[in-house]
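Participant: Supplied in structure tokens, the structure appears directly below.
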Amino acid sequence: EHLALWGGRFSGASADALTELSRSTHIDWRLAPYDLAGSRAHARALAGAGLLDEAELTAMLAALDTLGQRVASGELTPAPDDEDVHTALERALLAEAGPQLGGKLRAGRSRNDQIATLIRMYLRDAARYLSSKLLAVVRALVSQAERAGDAVMPGRTHLQHAQPVLVAHHLLAHVWPLLRDIARWQDWDKRAAYSPYGAGALAGNTLGLDAQAIAAELGFSAPEHNSIDATAARDLVAEFSYICAQIGVDLSRLSEEIILWNTREFRFVTLDDAYATGSSIMPQKKNPDVAELTRGKSGRLIGDLAGLLATFKGLPLAYNRDLQEDKEPVFDAIDTLDLLLPAIAGMVETMVLNYERMAELAPQGFSLATDIAEWLVHGGVPFREAHEISGRAVAFCEKRGIELWDMNDDELRSIDVRLTPDVRDVLTVAASVGARRGAGGTAPERVAEQLASVRESIGRA
Ligand code: ARG
């Protein structure tokens, strides 16, 4: 039968339309194990305050354990009349422990401090779980970078050839944002490590419950400082969702490149059959659907964050029922990444890069023009002038349809007398990348150091 949490004041039952609108068990049931963990900690605090005797505590913990097993086995599920995960588990507890004992658990807590605590517990676990899945994407990129060795490719700005870079350097440029995302979760966790339990409905509780003990049992470092904030704030949910959205954006940028690299025009990459799809009509097609779905789902992750912020923005303190709407978007973000991360890790791990094609294109599009200018600077020419001279060399070659290194001695001199034949020393891709030895540069020895620090960060993550 229907379990009303607020019988006394009400004379009639809820309208069906309200029950339908109110129900959240289809979304929040995944919090059931956390709800039970909270209840165990709360039961111990009630016993600590003398509100449950030894025998009652033992019976209560046994009943909660039984519920835990029945939830895990799928035997216990919410009834249609249960409003939320808390209601469903209270109903089950009353049935399991009897109304006399079961009815004592709710003392000193509210669904407001309960839900605020549970969502943090759930998200803290999700952050750890998703971090390890994201780390698999990082590892796949690192393994590609290792395989690439000193292979080169055209580095681009504005999608135009800019300067040659090491393939490994480019791949690692996708790794660092992902390592920052993992660090973001670690940093977020420091803020999420405070327990709202004990805040009650909003003003705190009168029963002398040891909030510190509850916090410790649930893996938090301390109780929240302000009971109003503890029940009203959801910034940590939004921040978690931001991290998911940022990961989506970071992976979308990688995906966009893989989609380009996979075109007939680029031919930089061949995707493994296991991570590509065909066409129902065009027999020749091999499509980069994993990358496209990643790019597409990043929009969804951004939408989850935008929805949360829009839900929170007008809410007065403290709890408002609107806050129930925090779960669906953030769970969607988690589920989306859960699906996405293994697929993108597999695609990256198994793709085969075409180093030959990349090397062939690396010096094209006059990508060594900067090297000419900097060679002149070494000879004492002001960069302003050196830039001008190198620009004239590009214009000269462009008009004739030749490359910079094709100019003969006379042609070089005709552009500027300071362009002696020695300039050709810098007109190779190997010389160009090798010269970029500054911090974070693309020189092979700098990239080797970079790989070492990435490996170190992975070890720490
Ligand atoms: N199910 C609610 C939520 O997810 C928690 C219950 C609080 N409800 C209330 N009427 N105070 O936010």
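The values are calculated or read from the model by the stated rules, or taken from the named source; none is laboratory data. Please read all numbers here as calculations on a predicted model, not as lab measurements. Here the Cβ is made from the backbone with ideal geometry for all residues, glycine too, and neighbour counts use every protein chain on show.
Participant: Give, as residue ranges, the helices (runs of 4 or more DSSP H) completely inside segment 370-447 that count at least 2 residues that are of a type in the set (Phe, Trp, Tyr).
Facilitator: Result: 383-400.
Participant: Which of the residues spanning segment 192-226 are part of a loop (DSSP other than H, G, I, E, B), of a type in the set (S, T, N, Q) and closer than 21 Å to Leu52 by Cβ?
Facilitator: Quick first cut of segment 192-226, residues part of a loop (DSSP other than H, G, I, E, B) only: 193, 196-210, 218-221, 224-226.
After this cut, where a residue has to be of a type in the set (S, T, N, Q) as well, the list is 205-206, 221, 226.
If the condition is that a residue be part of a loop (DSSP other than H, G, I, E, B), of a type in the set (S, T, N, Q) and closer than 21 Å to Leu52 by Cβ, then Asn205, Thr206 are the ones that fit.
Participant: Before we move on, is Leu308 within 16 Å of the ligand (Cβ to nearest atom), outside any loop (DSSP other than H, G, I, E, B) and not hydroxyl-bearing (Ser, Thr, Tyr)?
Facilitator: It is true that Leu308 is within 16 Å of the ligand (Cβ to nearest atom), outside any loop (DSSP other than H, G, I, E, B) and not hydroxyl-bearing (Ser, Thr, Tyr).
Participant: Now, a different point. In the list Ala116, Ala145, Ala140, Ala126, which residue meets the criterion of being within 16 Å of the ligand (Cβ to nearest atom), small (Gly, Ala, Ser), touching a residue at least 24 places away in the same chain (Cβ under 8 Å) and in a helix (DSSP H, G or I)? Full working, then the answer.
Facilitator: Working: Ala145 fails: within 16 Å of the ligand (Cβ to nearest atom); Ala140 fails: within 16 Å of the ligand (Cβ to nearest atom); Ala126 fails: within 16 Å of the ligand (Cβ to nearest atom).
Being within 16 Å of the ligand (Cβ to nearest atom), small (Gly, Ala, Ser), touching a residue at least 24 places away in the same chain (Cβ under 8 Å) and in a helix (DSSP H, G or I) holds for just one of Ala116, Ala145, Ala140, Ala126, which is Ala116.
Participant: Select from segment 77-93 the residues that are of a type in the set (A, V, I, L, M, F, W, C) and either within 11 Å of the ligand (Cβ to nearest atom) or assigned to a helix (DSSP H, G or I) (or both) and list them in ascending order.
Facilitator: Val85, Ala88, Leu89, Ala92, Leu93
Participant: Would you say Gly314 is within 21 Å of the chain's Cα centre (by Cα) and under 30 Å from Gly200 (Cβ atoms)? Before the answer, list the steps.
Facilitator: Values: within 21 Å of the chain's Cα centre (by Cα): no; under 30 Å from Gly200 (Cβ atoms): yes.
Considered against the rule, which asks whether it is within 21 Å of the chain's Cα centre (by Cα) and under 30 Å from Gly200 (Cβ atoms), Gly314 comes out as no.
Participant: Under 9 Å between Cβ atoms, which residue pairs at least 6 apart in sequence (or on different chains) link something in segment 320-339 that is farther than 16 Å from His26 by Cα with a partner that is of a type in the set (Lys, Arg) and away from the ligand (no atom under 13 Å from the Cβ)?
Facilitator: Ala333/Arg300; Thr336/Lys297; Thr336/Arg300; Leu337/Lys133; Leu337/Lys297; Asp338/Lys133; Leu339/Lys297
Participant: Which condition does Gln100 not pass, out of (1) assigned to a helix (DSSP H, G or I); (2) within 16 Å of the ligand (Cβ to nearest atom); (3) among the polar types (S, T, N, Q), if it passes all the others?
Facilitator: Gln100 satisfies all of (1) assigned to a helix (DSSP H, G or I); (2) within 16 Å of the ligand (Cβ to nearest atom); (3) among the polar types (S, T, N, Q) except (2).
Participant: Oh, and also: What pairs come out if I take residues in segment 435-449 that are over 13 Å from Ala173 (Cβ atoms) and pair them with residues that are polar (S, T, N, Q) and not in a loop (DSSP other than H, G, I, E, B) whose C-beta lies under 9 Å away, six or more apart or interchain?
Facilitator: Cβ pairs passing all conditions: Arg436/Gln163.
Participant: Only one of Leu61, Leu134 is hydrophobic (A, V, I, L, M, F, W, C), assigned by TED's automatic domain parsing to the domain that holds Ser14 and at pLDDT 95 or above; which?
Facilitator: From the options Leu61, Leu134, the qualifying one is Leu61.
Participant: Which residues, taken from segment 1-51, are in a helix (DSSP H, G or I) and more than 41 Å from the chain's Cα centre (by Cα)?
Facilitator: Of everything in segment 1-51, those that are in a helix (DSSP H, G or I) and more than 41 Å from the chain's Cα centre (by Cα) turn out to be Gly7, Gly8, Arg9.
Participant: Restricting attention to segment 13-38, which residues are in contact with a helix residue (DSSP H, G or I) (Cβ under 9 Å, 6 or more places away or on another chain), farther than 11 Å from Ala88 by Cβ and either within 13 Å of the ligand (Cβ to nearest atom) or outside the structural domain of Ala62 (by TED's automatic domain parsing) (or both)?
Facilitator: Result: Ser14, Ser22, Ile27, Arg30, Tyr34, Gly38.
Participant: Okay, next question. For Ile258, are the conditions met, namely being closer than 30 Å to Ala306 by Cβ, in contact (Cβ under 8 Å) with a residue 24 or more places away in the chain and in contact with a Pro (Cβ under 8 Å, 6 or more places away or on another chain)?
Facilitator: yes
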